[in-house]
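**Student:** Handing you a structure now.
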Amino acid sequence: MDSETPRARRVLLAKPRGYCAGVDRAVEAVEKALDQYGAPVYVRKQIVHNTHVVKTLEARGAVFVEDTEQVPEGAIVVFSAHGVAPSVHEEAAARGLKTIDATCPLVTKVHNEAKRFAAKDYDILLIGHEGHEEVEGTAGEAPQHIQLVDGLDSVETIEVRDPEKVVWLSQTTLSVDETEETVSRLRGRFPNLIDPPSDDICYATSNRQTAVKEIAAESELVIVVGSANSSNSKRLVEVAKDYGADASYLVDDASFVQEEWLDGVTTVGVTSGASVPEELVDGVLARLADLGFADVHEVESVKESMRFALPHELRRDLRSA
Ligand code: SF4
């Protein structure tokens, strides 16, 4: 190619992207509950952190509430993929609610680790974002034993009872690289810090970060489809910038894509967070095609095949229907 010939405009589409097994299961649980019991089906918190998914389910008769107190006595309530503290189960039982627990099994795994280490009287350092529902749910399993570590600065202020009995756990949707840095800082303070029995950052979070690293290295701009309250989507924006993209933006859908972002750009990377339906990515690709980026190459970094069964209480009712 002549050095004066402009490079063709193209899109690199990350794979894996979008729905993970836990989100797929949670959304299907609400859909099946609506089919099985009829509307309204109450859902505590956003079932997954995506505005479009929530609106679509609302249109079918799901009612999203912040707390079980807002659910009429005896009604059906679905708990979101992010998990809940035991106190929420107790409140629901006290109100006679029929509960369907759509907590992702990989979040439940972290809850179980917290319970196990608390039973052995360990201090548990939970790396995560303050105020995130998942962190509130996990911390609620053992509030006397768990301290939150939110960001590198908070490492310095942690106090433990016995430095020989300290374990770290984490939110499932963190940046893999940042978490490693936080753990290494914690280990500087507590050399005998114990690791979780297996990775708490889930396969979907780490695979989507691996995939975005690959496309970011070759893209001037990376567009991440996802909602502003989605932890794993926000991490994808940060990782894209850390791994070579000049700019990266989080968009809820195609209408958020700004034409000026594409000035001087020849390669646009596109990916989506674990709570994003593929139709939203299709919309962004259509918008990019309108703006001269019709040539799409999918770049597969990791193969995924994870599936989770629906919550058992729902499966039981579906079987007997
Ligand atoms: S991001 Fe990971 S932990 Fe969260 S719902 Fe998906 S699979 Fe489960």
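The values are calculated or read from the model by the stated rules, or taken from the named source; none is laboratory data. Computed from a predicted structure; not experimentally measured. All Cβ positions, glycine included, derive from the backbone under ideal geometry; neighbour counts span all protein chains shown.
**Student:** Looking at this structure, is LEU314 within 16 Å of the ligand (Cβ to nearest atom) and closer than 27 Å to THR172 by Cα?
**Tutor:** The answer is no for LEU314.
**Student:** Moving to a separate point now. Being in a strand (DSSP E or B), touching a helix residue (DSSP H, G or I) at 6+ places or on another chain (Cβ under 6 Å) and either farther than 21 Å from ARG9 by Cβ or not β-branched (Val, Ile, Thr) (or both) is the requirement here; does GLY269 meet it?
**Tutor:** yes
**Student:** Quick one: is ASN229 at pLDDT below 95, outside the structural domain of ILE158 (by TED's automatic domain parsing) and not small (Gly, Ala, Ser)?
**Tutor:** Against the criterion (at pLDDT below 95, outside the structural domain of ILE158 (by TED's automatic domain parsing) and not small (Gly, Ala, Ser)), ASN229 qualifies.
**Student:** Another question about this same structure. Identify all residues within the range 109-159 that are within 19 Å of GLY188 (Cβ to Cβ), β-branched (Val, Ile, Thr) and out of contact with any helix residue (DSSP H, G or I) (no Cβ under 9 Å at 6 or more places or on another chain); write none if there are none.
**Tutor:** Within the range 109-159, just THR157 meets the criteria.
**Student:** Now for a different question. Taking only the range 287-321 into account, find how many residues are under 25 Å from GLU220 (Cα atoms) and either at pLDDT below 95 or part of a loop (DSSP other than H, G, I, E, B) (or both).
**Tutor:** The qualifying residues number 7.
**Student:** Then there's this: Quickly run through the range 16-54 and pick out the residues that are of a type in the set (D, E, K, R), crowded, with 18+ Cβ neighbours inside 10 Å and either more than 16 Å from the ligand (Cβ to nearest atom) or in a loop (DSSP other than H, G, I, E, B) (or both).
**Tutor:** ARG17, LYS32, LYS45
**Student:** Has the range 280-299 got any residue that is under 24 Å from GLU238 (Cβ atoms) and within 16 Å of the ligand (Cβ to nearest atom)?
**Tutor:** no
**Student:** Are there any pairs with C-beta distances below 6 angstrom linking a residue in the range 142-163 that is outside the structural domain of PHE117 (by TED's automatic domain parsing) to a residue that is modelled with pLDDT of 95 or more and not in a loop (DSSP other than H, G, I, E, B), with the two at least 6 apart or on different chains, and if so which?
**Tutor:** none
**Student:** May I pose another question? Enumerate the pairs (first residue in the range 265-277 and on the phi < 0 side of the Ramachandran plot; second residue anywhere and polar (S, T, N, Q) and within 16 Å of the ligand (Cβ to nearest atom)) with beta-carbon separation below 6 Å, excluding pairs fewer than 6 apart on the same chain, so at least 6 apart or on different chains.
**Tutor:** Close Cβ pairs (under 6 Å, with a partner that is polar (S, T, N, Q) and within 16 Å of the ligand (Cβ to nearest atom)) amount to GLY273/SER230; GLY273/ASN232; GLY273/SER233; ALA274/ASN232; SER275/ASN50; SER275/SER230; VAL276/ASN50.
**Student:** I would also like to ask the following. Hey, among GLN171, GLN209, which residue is closer than 18 Å to HIS111 by Cβ and within 24 Å of the chain's Cα centre (by Cα)?
**Tutor:** Going through GLN171, GLN209 in turn, the sole match is GLN171.
**Student:** From GLU66, GLU58, GLU28, which residue is at pLDDT 95 or above, within 27 Å of LYS303 (Cα to Cα) and in the same structural domain as VAL88 (by TED's automatic domain parsing)?
**Tutor:** GLU28
**Student:** Among the candidates ALA93, ALA119, which residue alone is under 24 Å from GLU164 (Cα atoms), surrounded by fewer than 23 Cβ atoms within 10 Å (Cβ to Cβ), more than 16 Å from the ligand (Cβ to nearest atom) and not polar (S, T, N, Q)?
**Tutor:** ALA119
**Student:** Quick one: in the range 256-286, of everything that is of a type in the set (Gly, Ala, Ser) and surrounded by fewer than 17 Cβ atoms within 10 Å (Cβ to Cβ), which residue is modelled with the lowest pLDDT?
**Tutor:** Among those residues, the one meeting the criterion is GLY264.
**Student:** I would also like to ask the following. Go through the range 172-219 and count every residue that is away from the ligand (no atom under 16 Å from the Cβ), within 18 Å of SER230 (Cβ to Cβ) and hydroxyl-bearing (Ser, Thr, Tyr).
**Tutor:** Qualifying residue count, the range 172-219: 0.
**Student:** If you don't mind, there's one more thing I want to ask. Would you mind finding the one in GLU113, GLU133, GLU141 that is within 22 Å of SER230 (Cα to Cα), under 24 Å from the mean Cα position of the chain (by Cα) and either crowded, with 17+ Cβ neighbours inside 10 Å or within 16 Å of the ligand (Cβ to nearest atom) (or both)?
**Tutor:** Just a single option satisfies the conditions, and that option is GLU133.
**Student:** Here's another thing I want to ask about it. Quick check on the range 59-66. Is at least one of its residues away from the ligand (no atom under 16 Å from the Cβ), in a loop (DSSP other than H, G, I, E, B) and touching a residue at least 24 places away in the same chain (Cβ under 8 Å)?
**Tutor:** Checked against the condition, which is being away from the ligand (no atom under 16 Å from the Cβ), in a loop (DSSP other than H, G, I, E, B) and touching a residue at least 24 places away in the same chain (Cβ under 8 Å), the range 59-66 yields at least one hit.
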